[in-house]
Amino acid sequence: AFESEYERAVRKSMAIMVLADGVVDESEIEAMTSIYNSITGKDASREDMSREIETTKNEGLAIENYLETINGQVNANGKELVVKALISIAYADGDFDEEEQKTLIKALGALDINENDFKRIMDDFKN
């Protein structure tokens, strides 16, 4: 199945976020699946996301390194969707911990998203 750059970015970024606190929780995999499908309109399975987490763990990617490679290939809307996905998955386990916060901050930097854009995204997110 074809997957666009932003869809791949959403999937890979969420996997990095899930791995940020060192614990992969069942609820996070479920959340990742539903967030991905909701954002992309796809029908990915829990197994697809579980495989992505495993692959990403083996790659040992830092979020900023990954996102810097796709920054020029994803438009502003795509970047915003990546950030919304990251916020959603960070809150999925009910604990937006320090490692997840650091990961989000690095992601914003790598995607060139400034403070005003981030505030606007957060306002959208809360509504």
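Counting only residues that are more than 13 Å from I89 (Cα to Cα), in contact (Cβ under 8 Å) with a residue 40 or more places away in the chain and not charged (D, E, K, R), which one in region 24-58 is most open to solvent (accessible area, probe 1.4 Å)?
Step by step, filter region 24-58, then rank; the result is T55.
Pick from region 68-111 the residues that are farther than 24 Å from D21 by Cα and in a loop (DSSP other than H, G, I, E, B): which of them is most open to solvent (accessible area, probe 1.4 Å)?
Result: N75.
The values are calculated or read from the model by the stated rules, or taken from the named source; none is laboratory data. Given the structure is predicted, the values throughout are model-derived calculations rather than measurements. Note that we place each Cβ from the backbone using ideal geometry, even for glycine, and neighbour counts take in every protein chain shown. Surface accessibility is based on the protein's heavy atoms, side chains included, excluding ligands, DNA and RNA. Shrake-Rupley method; radii C 1.70, N 1.55, O 1.52, S 1.80 Å.
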